[in-house]
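The values are calculated or read from the model by the stated rules, or taken from the named source; none is laboratory data. The structure presented is a predicted model; accordingly, all values stated were derived computationally and were not measured. Please note: Cβ atoms are built from the backbone with ideal geometry, for glycine as well, and neighbour counts cover all protein chains shown. What goes into the accessible areas is simple: the full protein's heavy atoms, side chains included, and nothing from ligands, DNA or RNA. Shrake-Rupley method; radii C 1.70, N 1.55, O 1.52, S 1.80 Å.
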Amino acid sequence: MLIKTLGNGFNHPVASEITDRAHYEGRRDILKLMATGAAGGVMASWASRQALAQSPGLVQRPGKLAALSAKPSTVAGATTMEKPTAYKDASTYNNFYEFGTDKADPAANAHTLKTSPWTVEIEGLVKKPGKLGLEELLKLSAMEERLYRLRCVEGWSMVIPWVGYSLADLIRHVEPLGNAKYVEFVTLADPKTMPFVGSRVLDWPYVEALRLDEALHPLTLLAFGMYGEVLPNQSGAPVRLVVPWKYGFKSGKSIVKIRFTDKQPATAWNKAAANEYGFYSNVNPNVDHPRWSQASERRIGEDGLFAKKRKTLMFNGYEAQVGQLYAGMDLKKLF
Ligand code: MTE
């Protein structure tokens, strides 16, 4: 068992050391015990915490998904000290409109998604276009675990231990041409396995995009797993994006194509309502959505409906890492 000492002096157990969800659930219970003072002295070391997590009476759920081990990330900002959202909340309260518009629909319906075989096609302004199978993608770089906040445009947030690697590793591998400026992510739209593809709510497939420098930022994660396991279908299996400083809808799920372009791509929510969802969609408490404030948020599983909401942070708290990407831009206009 490794204990990573972070520069801030905390001995923080990195989530990958816990490897399965049972441990996350156990850790959550420990935090509850801590809150009541019951855990007291046993918190001296992570080893004793783990022993506690494995003790009878705490939630022990055998993982049904394949384990996906990872080393702790060293990317600046990739780990928060906040407590991870419970796996149950993170996997049953989702937006994945291909499976329905209710938050419970993806968990109920996404079992039909066929994640193997899976290929991601690389297209457009690159030296090495072509198809990459999931196995090749998994081996392309070392897996890391990152504990990211994800803030949905609807006003809720979660903290999830993702497993993957920087999208930059894949981008460098395919060698973008000098005139590539944007990266477009096209996700699966299969009416046979995705019951809501064909509904009029969005123009399918669900497409998202980033500026090339945003896509190359080390925090932009190509994720294959969460909580030490491969992604459950409803969370975007087998491969998705996680862009932690942008509203959740920029993080496309179940990606099948990555295209390099010189023009800003049209994106799903921007096409659906351009006045509400801009291309950038950086988390910004100072720019309200036309129909609601973006100044605060509710952490799923922690902040009850009547609790005071927590303040939303500029760039979702990742300003030190990504603020420079937007220097000189009017973020009120380019929301
Ligand atoms: N990707 C696809 N293909 N389809 C979707 O409907 N919803 C987005 C994003 N990616 C969506 C998607 C939205 S609105 C959010 S908030 C996040 O996924 C939610 O992902 P989560 O499962 O990590 O909470």
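Some observations on this one:
- Subset of region 279-304 (residues that are touching a strand residue (DSSP E or B) at 6+ places or on another chain (Cβ under 8 Å) and free of Cβ contacts under 8 Å to residues at least 24 places away in the same chain): 295, 303
- Residue check, residue 73 farther than 21 Å from residue 202 by Cβ, near the ligand (Cβ under 10 Å from one of its atoms), under 18 Å from the mean Cα position of the chain (by Cα) and open to solvent by less than 20 Å² (accessible area, probe 1.4 Å): no
- Annotation note: of 252, 236, the sole residue that is modelled with pLDDT of 95 or more, crowded, with 22+ Cβ neighbours inside 10 Å and more than 20 Å from residue 212 (Cα to Cα) is 236.
- In this structure, residue 119 does not satisfy being within 15 Å of the ligand (Cβ to nearest atom) and polar (S, T, N, Q).
- Selection count, region 70-123, where residues are within 28 Å of residue 197 (Cβ to Cβ) and touching a Ser or Thr at 6+ places or on another chain (Cβ under 7 Å): 7
- The requirement of being within 15 Å of the ligand (Cβ to nearest atom), among the acidic types (Asp, Glu), modelled with pLDDT of 95 or more and assigned to a loop (DSSP other than H, G, I, E, B) is fulfilled nowhere in region 280-302; no residue meets it.
- Any hit, region 165-174, residues being in a loop (DSSP other than H, G, I, E, B), in contact (Cβ under 8 Å) with a residue 12 or more places away in the chain and not polar (S, T, N, Q): no
- Selection from region 175-198 of residues that are part of a strand (DSSP E or B), within 14 Å of the ligand (Cβ to nearest atom) and either free of Cβ contacts under 8 Å to residues at least 12 places away in the same chain or open to solvent by less than 10 Å² (accessible area, probe 1.4 Å) (or both): 185, 187
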